[in-house]
Amino acid sequence: MADFCGRPNSLRKRPYLRKISNFKSGTMNFTITKAEQSRISEINFENLEFGRIFSDHMLEMACRDGKWSKPEIKPYAPITFEPSMQALHYGQAIFEGMKAYYVDDNTINLFRPKDHHKRLNNSAKRLCMPEIEEEPFVRGLEELLKLDHKWVPRTHGHALYIRPFMFAAEEYLAAKVSKEYRFMIITSPVAAYYSEGFNPVKLTTSDKYVRAVKGGTGEAKAAGNYGGSFLPAQNAQKNGYTQVIWLDAIEHEYIEEVGTMNIFFLIGDTLVTPQLGGSVLPGITRRSLIAIAKEWGLNVEERRVSISELFEAHKSGMLKEVFGSGTAAVISPVGLIHHKGENITLNQNEIGPFAKKMFDTITGIQYGKIGDSHNWTHPVTVG
Ligand code: COI
């Protein structure tokens with residue numbers, strides 16, 4: 001029997017016993033309540049769907065009047081709250097997306113956790129939420145991985161997706177900044193994000209909807225940015241496209257992002273990506289790819305790129321490849337772009353050699369298979 005989300009029922013009942021310990025990690029006190037019985041034997045690691053199953057433990061911290069409680073690690077379980085909880089009404093909710101990669105039985109790599117921590121705090125500032133210190137974030141991740149390292153898939157290309165998130169938890173219907181918050185981290189073993197895997201996706205512009213506007217919340221990883229993108233994405237999918245390629249909100253001409261990813265164009269020998277500038281999410285994969293390309297001696301331009309320029313570059317044969325980047329999808333080659341009734345097909349709808357080389361390089365670093373001259377990986381000793 002499965003529940004309405006397709007998970008085995010055994011993942012919803014949680015009858016296991018608990019062992020409680022207080023634990024000091026660095027200068028930080030953690031309370032750890034261990035699940036005595038792991039659910040891992042019920043998981044089919046050969047058939048992982050993105051974000052559907054969750055490992056044995058989660059981390060939780062509560063904040064009241066600006067003061068955070070000490071981190072608590074406990075078995076993954078439902079949380080309770082009142083219907084008046086503010087996040088449900090006014091959308092003070094932010095998140096991060098990170099991954100942990102299997103290196104060997106004793107080592108799991110986190111990728112740029114301190115950069116994810118900084119971005120979470122930038123999102124928090126934009127949404128009037130309390131910042132969180134680096135130690136509970138990074139050490140919390142380490143402790144979670146020590147407990148749940150067996151949940152990190154071993155297949156190259158698969159990983160343990162990590163979802164840190166924060167939401168307003170005060171029970172109060174006034175449209176005001178909440179005085180209470182929860183911060184949590186849950187983890188989920190995943191395969192590829194898109195059903196296409198590493199195969200090229202098809203994109204369309206939307207002539208009606210935009211993702212973000214400068215001065216809005218587009219550069220924060222705010223939950224509402226994603227909720228607002230679902231209707232245009234659904235319309236795109238009904239028309240046979242995988243995702244929307246977002247144009248700017250004012251002129252409806254300049255490319256910003258694609259789906260839930262940043263976007264790159266190989267035009268001639270130059271790697272071009274839309275500049276950040278307020279409405280674009282400052283992707284950590286984006287930043288890493290820019291650094292790798294520069295290291296290879298490529299000319300990289302972060303600038304405004306119009307959809308007309310893209311179609312012109314395609315016409316003149318200069319547009320070699322297009323790909324999206326993000327933590328969940330890593331690199332997602334683009335095979336087709338539709339705009340106002342016209343289509344361009346890229347690289348014969350095949351994975352381009354440049355995107356493939358980028359993918360092999362960044363995943364090589366993440367899985368500890370090739371040198372990490374940037375110190376991006378954060379190895380955690382487990383087992
Ligand atoms: C990520 O790439 O980690 C994201 O946050 C995208 C998410 C909506 C799955």
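Values for this structure:
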| item | result |
| --- | --- |
| Most mobile of Leu298, Leu336, Leu281 in a GNM of the chain (Cα contacts under 10 Å) | Leu298 |
| Listed residues Glu133, Glu36, Glu251, most fluctuating in the chain (Gaussian network, C-alpha, under 10 Å) | Glu251 |
| Charged-residue dipole, Cβ positions (Lys, Arg, Asp, Glu), the stretch 17-190 about Cα centre, Debye nearest 20 | 260 |
| Total lysine pairs under 25 Å (Cα atoms) in the stretch 201-351, excluding pairs fewer than 8 apart on one chain | 13 |
| For the stretch 129-146, 3J(HN,Hα) per residue [Karplus equation, 6.51 cos²θ - 1.76 cosθ + 1.60, θ = phi - 60°, Hz, x = Gly/Pro] | 10, x, 6, 10, 6, 5, 4, x, 5, 6, 5, x, 4, 4, 5, 4, 5, 4 |
| Cα-centred dipole magnitude for the chain, charges only on beta-carbon of K, R (+1) and D, E (-1), debye, nearest 20 | 800 |
| Residues whose placed amide H lies under 5 Å from that of Ala168, excluding near-sequence neighbours | Ala87, Gln92 |
| Euclidean distance of C-alpha centroids, the stretch 247-302 and the stretch 118-153, integer Å | 26 |
| Cβ-based charge dipole, the chain, positive-most Cα from Thr363, His374, Pro71 | Pro71 |
| Of Lys34/Lys70; Lys67/Lys125; Lys150/Lys179, pairs whose Cα-Cα distance is over 27 Å | Lys150/Lys179 |
| Backbone HN-Hα couplings from phi across the stretch 295-306 [Karplus 6.51/-1.76/1.60, Hz, Gly and Pro as x] | 4, 6, x, 6, 7, 10, 10, 9, 7, 6, 10, 8 |
| Residue-wise HN-Hα coupling along the stretch 229-246, computed from phi with Karplus coefficients 6.51, -1.76, 1.60 (Hz; x: Gly, Pro) | 8, 5, 5, x, 5, 5, 4, 4, 5, 4, 8, x, 9, 7, 7, 9, 9, 7 |
| Burial ranking of peptide ranges 68-78, 155-165, 94-104, 37-47 (average Cβ count within 10 Å, highest at the top) | 94-104, 155-165, 68-78, 37-47 |
| Mean ellipticity per residue at 222 nm, deg cm²/dmol - from DSSP H runs of n ≥ 4 across the chain, formula -39500 (n - 2.57) | -6500 deg cm²/dmol |
| Other-chain or far-sequence residues with amide H under 5 Å of Gln275's (modelled H) | Arg303, Arg304, Val305 |
| Contact order normalised by residue count of the chain, Cα under 8 Å, 6+ apart, percent | 17 |
| Dimensionless Rg/Rh of the chain - Kirkwood Rh, Rg from C-alpha atoms | 0.97 |
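Coordinate-derived values only; no laboratory data. On a predicted model such as this, the values are computed, not experimentally measured, just so you know. So basically every Cβ, Gly included, is an ideal-geometry build from the backbone, and we count neighbours across all protein chains shown.
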